[in-house]
Amino acid sequence: MSVSWNPVQNEYLASGAADKTVKLWDVESGSCVQTLAHHSDKVQAVSWHPTEESLLLSASFDKTVQTVDVRSGAVASKFSLTGDAEKALWITRTGAPTSSYLATTEDGFISQFDMRKAGGASSPVWSLKAFKGAASACSLSANVDGLLVAGSVDKTLKVRGTPDALSTTVGSGLF
């Protein structure tokens with residue numbers, strides 16, 4: 001369902017699967033070195049933290065997005081989603097620590113979460129109903145902080161600034 005290379009330790013790969021697990025692979029040996037079972041349904045998305053080699057983001061059809069410290073297998077943060085997960089990715093900004101990530105869902109939402117604010121009845125930093133169909137693709141610009149492009153099964157592609165970065169939509173008729 002999803003794969004992600006570890007950007008710090010290039011020999012490791014994470015995979016999310018329909019069997020509700022996340023597997024960590026040592027590509028050099030070709031073997032699974034760890035299996036994580038912190039989700040209760042299909043794991044749709046996995047993404048390694050860009051600088052913290054042991055921190056992994058995952059999102060599932062159990063309607064949660066979670067971060068896990070793979071050294072211990074302990075869940076570091078967990079948030080509820082409005083629908084089944086489609087995509088999850090870390091937010092990277094020039095000169096800023098990375099504790100925030102985006103998750104998209106099958107009901108068309110794109111939401112930002114901050115792992116430092118997890119627990120209890122935690123809510124997203126922001127959430128947008130971006131599409132009528134599933135928000136199935138999402139990417140942030142590597143060159144412009146807060147510039148987001150997202151795609152949907154409703155055959156639309158939208159480009160805009162994230163609510164916390166830009167106050168106006170880039171382009172017209174979007175979101």
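The values are calculated or read from the model by the stated rules, or taken from the named source; none is laboratory data. The structure displayed is predicted, hence computed values, not measured ones. With ideal geometry, Cβ positions are generated from the backbone for all residues, glycine too; neighbour counts draw on all protein chains shown. The accessibility values were calculated without ligands, DNA or RNA, using every heavy atom of the protein model including side chains. Shrake-Rupley method; radii C 1.70, N 1.55, O 1.52, S 1.80 Å.
Things worth noting here:
- Qualifying residue in segment 158-174 (condition: part of a loop (DSSP other than H, G, I, E, B), under 30 Å from VAL75 (Cβ atoms) and modelled with pLDDT of 85 or more): no
- Tally, over segment 64-82, of residues that are in a loop (DSSP other than H, G, I, E, B) and in contact (Cβ under 8 Å) with a residue 40 or more places away in the chain: 2
- Leading residue by the ranking (least open to solvent (accessible area, probe 1.4 Å)) among those in segment 41-75 that are farther than 10 Å from VAL22 by Cβ, polar (S, T, N, Q) and in contact with an Asp or Glu (Cβ under 7 Å, 6 or more places away or on another chain): SER54
- Going through (1) open to solvent by 50 Å² or more (accessible area, probe 1.4 Å); (2) touching a strand residue (DSSP E or B) at 6+ places or on another chain (Cβ under 8 Å); (3) of a type outside the set (A, V, I, L, M, F, W, C) one by one, ARG93 falls short only on (2).
- Pairs where the first residue, in segment 148-175, is within 18 Å of LEU102 (Cα to Cα) and open to solvent by 60 Å² or more (accessible area, probe 1.4 Å) and the second is of a type in the set (Val, Ile, Thr) and modelled with pLDDT of 60 or more, C-beta under 8 Å, 6+ apart: LEU157/VAL149; ASP164/VAL125
- In this structure, LYS23 does satisfy being open to solvent by 10 Å² or more (accessible area, probe 1.4 Å), free of Cβ contacts under 8 Å to residues at least 40 places away in the same chain, of a type in the set (D, E, K, R) and not in a loop (DSSP other than H, G, I, E, B).
- Flag for GLU28 being open to solvent by 40 Å² or more (accessible area, probe 1.4 Å), within 22 Å of ARG116 (Cα to Cα) and part of a loop (DSSP other than H, G, I, E, B): no
- Restricting attention to segment 104-123, the residues that are modelled with pLDDT under 95, of a type outside the set (Ser, Thr, Tyr), on the phi < 0 side of the Ramachandran plot and open to solvent by 50 Å² or more (accessible area, probe 1.4 Å) total 3.
- Matching option when the condition is at pLDDT below 95 and of a type in the set (Ser, Thr, Tyr), among SER15, SER54, SER77, SER60: SER77
- Yes/no for THR82 being hydroxyl-bearing (Ser, Thr, Tyr), open to solvent by 30 Å² or more (accessible area, probe 1.4 Å) and more than 30 Å from PHE131 (Cβ to Cβ): no
- Any hit, segment 36-45, residues being modelled with pLDDT under 95 and of a type outside the set (D, E, K, R): no
- With respect to the conditions (1) open to solvent by less than 50 Å² (accessible area, probe 1.4 Å); (2) farther than 25 Å from VAL159 by Cβ, TYR101 lacks only one, and its number is (2).
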